[in-house]
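Read-outs throughout are calculated quantities, based only on the coordinates presented, and are distinct from any laboratory measurement. The structure displayed is predicted, hence computed values, not measured ones. Neighbour counts are summed over all protein chains in view; Cβ atoms, including those assigned to glycine, are modelled from backbone coordinates with ideal geometry.
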Amino acid sequence: MADATEVLDVGLGEYKYGFHDPEQYVFKSRKGLSREIVTEISYLKGEPAWMRDFRLKALEYFESRPLPKWGGDLSGINFDDIYYYLRPTEGQGRTWEEVPEYIKTTFDRLGIPQAERKFLAGVSAQYESEVIYHSIRKDLESKGVIFCDCDTGLREHPDLFRQYFGTIIPPNDNKFAALNSAVWSGGSFVYVPAGVKVEIPLQAYFRINAQNMGQFERTLIIAEPGSYVHYVEGCTAPTYSSDSLHSAVVEIIVKEGARVRYTTIQNWSNNVYNLVTKRSQAFRDATMEWIDCNLGSKLTMKYPAVYLMEPGARGEVLSIAFAGRGQHQDAGAKMVHCAPNTSSAITSKSISKFGGRASYRGLLKVHKGCENVKSNVRCDALLMDEESRTDTYPYIEIEEDRVSIGHEATVSKVSEEQLFYLRSRGLSENEATMMIVNGFIEPIVKELPMEYAVEMNRLIQLEMEGSVG
Amino acid sequence: MAETAELVIQDLHVSVEGREILKGVNLTVPTGEVHALMGPNGSGKSTLAYTLMGHPKYEVTQGQVLFKGEDILELEPDERARRGVFLAFQYPTAIPGVSLANFLRMSLKSIRGTDMPILEFRKLVKEKMALLKMDDSFFGRYVNDGFSGGEKKRAEILQMALLQPQIAIMDETDSGLDIDALRTVSEGVNALRGPNLGILIITHYQRILNYIKPDFVHILVDGRIVRSGQQDLVETLEARGYDWIINEALNPQGV
């Protein structure tokens, strides 16, 4: 991993995923949201009645709940000006040759097929509302591992799906979870049987192409006892002058002794509202790890959560946020200890530059009777200039005395002494700054697989150079 | 004809936050020679070191510093480094999260202007590390982060060995070193001595000069060089301390 912090020599600082394809879809809903549109989505997908009713109920929750008053500024979202469902193709490819040429070209430019050949156990590619390509290695399939989109999960594994769907994040959990529950499409359904360890990552890639698009993927991961899986998601979108909305729901069940690692590299263009609910439940001696990297978007509100349900459960969140020009990253974590002898750790690193704002918002809750809980929260913020901003909102609710809690928060700037030291060794001011920033995020980047670590450092460098959204 | 990498400091005046620290320093370090600059606390030794490397806090109000015939005072620190100026810091700064290996590779690339294949690079660094009795674990450690005093100083000399400067300023390299570390570091420096390297050793104590024998010795008092000589001057200082020379410098008529 020694080379992960190397300052790579790359081109100019522009958001390089901002291109878009001409729209040529088989179905595009009208703008806006109504019972008719929700019913139509359900009908087009050929869903059972319970799912249609679930969606309609969720729509009611969505409509009846006010916008959150906390976090970021959501007043710019015009819910009537968004396309809630866009089907790009009729079928789903099992090979890239089956994917329409223009979409394949897009994913080629994003490097997905190349990555798949090199180091992935399975790949899912979602374009607008539907997963248009999907593959999983044969040996995993034969061990009973399921990796498909959630629509396929519902269709082909109806009992398993229904048993867990919406149980970790109920549709009335919050306004955006309700919205997702009403119009969800695509995402991933992952099932890992007991004792099966998926040694190399599964990756899902999410691409928004159309203007004023809403993407609402839904992900459900079930790790049976003693299993392991690492799921990685990446996302990009074209740069438009009007805003898009991405609102996902991710539910994860980590059973006894299992371990799930969920890595996100979020790199939406700067016109995307990214409002995501992610939550997991970890049972006896299980481990849940969220590695959450947020670079792009206009506003991100995302607080991956672990509910520690039984003794021995362990939760960890490692998060990086980069807030550049016109961006607000309101990110953090939630750890809810519902059992004694559970432990959790949150490490958050944020960088603000060009007037961007990064906020850490976290909740640590220990319920009464949960003795011997250990938790450590650490948030470090790096401010790159005077006009940028960082805030910390750590909420701590402890109802039990016999616990061990640590909390530490720092705000720092790149110091003159560090810069001078590096420059005295021949590094230019930019190179020296990049090296210090890479060092700052290294504790998290080193947890990423090599290929992602290199990509992450490259993306941070592009942001540091001032990519304009 | 080979250019000579001579360092020539002429009438150098330097202020920090409006206060004049150096009040007209004149000093020449020809290539291939080792000069020691000694002086009591507060005489301006470290100010000279930082000024030569270009720290933004130090304001040159008068004079010039020529290196290979070029006035380097207008150059940025990295430009000076690329021309062959090196400063071994008294207090090397920690860069958390950046491995020594990455840092050295980037630095070497910047100084040489070309990248070096990773295997060749590792071999080169290992060679130099062996010289300084540093084990391979240093590769992966973060730059100066949690290093002991001795480790920091050895890492400084390692960089000097790797970057092959033509003028090296060593700022209180002996401070904080026990006798074994001092010997190791000194042996490292001695191995680098040669016709293409000028060295300016800045020190309060004569201790390091028992190991690295200087060709010339200069005494800095209150921002000026008040006396120059050879090894015998070090011995006089050793025997009599700084007081007599301070008195002599500040009260020239009183002798």
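Structure summary
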item	result
J(HN,Hα) series, the stretch A:321-333, from Karplus relation 6.51 cos²θ - 1.76 cosθ + 1.60, nearest Hz, glycine and proline x	10, 10, 10, x, 3, x, 10, 10, 9, 10, 10, x, 6
All lysines inside 22 Å of A:LYS28 as judged from Cα atoms, apart from same-chain residues fewer than 8 positions distant	A:LYS45, A:LYS104
Nitroxide proxy distance, nm - points 7 Å out along Cα→Cβ at B:GLN64 and A:LYS374	6.5 nm
Prolate/oblate/rounded label for the protein assembly as shown (Cα gyration tensor, a/c 1.5)	prolate
Angle in degrees between helix B:149-163 and the longest Cα principal axis of chain B, rounded to the nearest 10	80 degrees
Along chain A, longest interval not containing exposed chymotrypsin sites (Phe, Trp or Tyr not before Pro), exposed being DSSP loop plus at most 15 other Cβ atoms within 10 Å	A:71-469
Filtered GluC sites (Glu not before Pro), the stretch B:28-105: DSSP coil and at most 14 other beta carbons within 10 Å	B:GLU74
Proximal lysines relative to A:LYS368, as straight alpha-carbon distance under 27 Å, when same-chain residues fewer than 8 apart are discounted	A:LYS255, A:LYS278, A:LYS302, A:LYS334
Phi-based couplings in Hz for the stretch B:90-105 (Karplus 6.51, -1.76, 1.60; Gly and Pro marked x)	6, 10, x, 7, 7, 10, x, x, 10, 6, 4, 4, 4, 4, 5, 5
Near-label residues of the stretch B:142-158 by backbone N, under 14 Å of a point 7 Å along Cα→Cβ of B:ASP178	B:148-151
Neighbour-count ranking [beta-carbon atoms within 10 angstrom, fewest first] of A:GLU217, A:GLU97, A:GLU431	A:GLU97, A:GLU431, A:GLU217
Rg/Rg_globular for chain B, with Rg_globular taken as 2.2 N^0.38 Å and Rg from C-alpha atoms	1.01
Backbone N under 14 Å from the B:GLN230 label point (7 Å along Cα→Cβ), restricted to the stretch B:187-213	B:213
Rounded to the nearest 20 debye, dipole of the stretch A:87-190 from Cβ charges on Lys, Arg, Asp, Glu	280 debye
Contour excess over end-to-end distance, with Cα ends at A:ASP21 and A:GLU40 and 0.36 nm allotted per residue	4.3 nm
Distant-in-sequence amide H partners of A:CYS379 (H built 1.01 Å from N, under 5 Å)	A:SER348, A:GLU408, A:ALA409, A:THR410
Shielding by partners, peptide A:238-249 (average Cβ within 10 angstrom, other chains)	0
Cut-off of 10 Å, at most 11 other beta carbons, DSSP loop: longest stretch of chain A lacking such trypsin sites (Lys or Arg not before Pro)	A:70-367
Amide hydrogen neighbours beyond the local backbone of B:GLN90, cut-off 5 Å, H modeled	B:ASP171
Label-point gap, in nm, between B:ASN190 and A:LYS69 - each point 7 angstrom along Cα→Cβ	7.6 nm
Distance from the stretch A:238-310 to the stretch B:37-62 (C-alpha centre basis), Å	52 Å
³J(HN,Hα), Karplus 6.51/-1.76/1.60, whole Hz, each residue of the stretch B:215-227, x for Gly, Pro	7, 9, 10, 10, 10, 9, 9, 6, x, 9, 7, 9, 7
For B:VAL98, distant residues with modelled amide H under 5 Å away	B:VAL143
Aspartates and glutamates whose Cα lies under 18 Å from that of A:LYS197, excluding same-chain neighbours fewer than 8 positions away	A:ASP139, A:GLU141, A:GLU224, A:GLU256, A:ASP285, A:GLU289
Total lysine pairs under 25 Å (Cα atoms) in the stretch B:46-138, excluding pairs fewer than 8 apart on one chain	7
Footprinting exposure proxy for A:SER319, A:SER142, B:SER46 (fewest neighbouring C-beta atoms within 10 Å first)	A:SER142, B:SER46, A:SER319
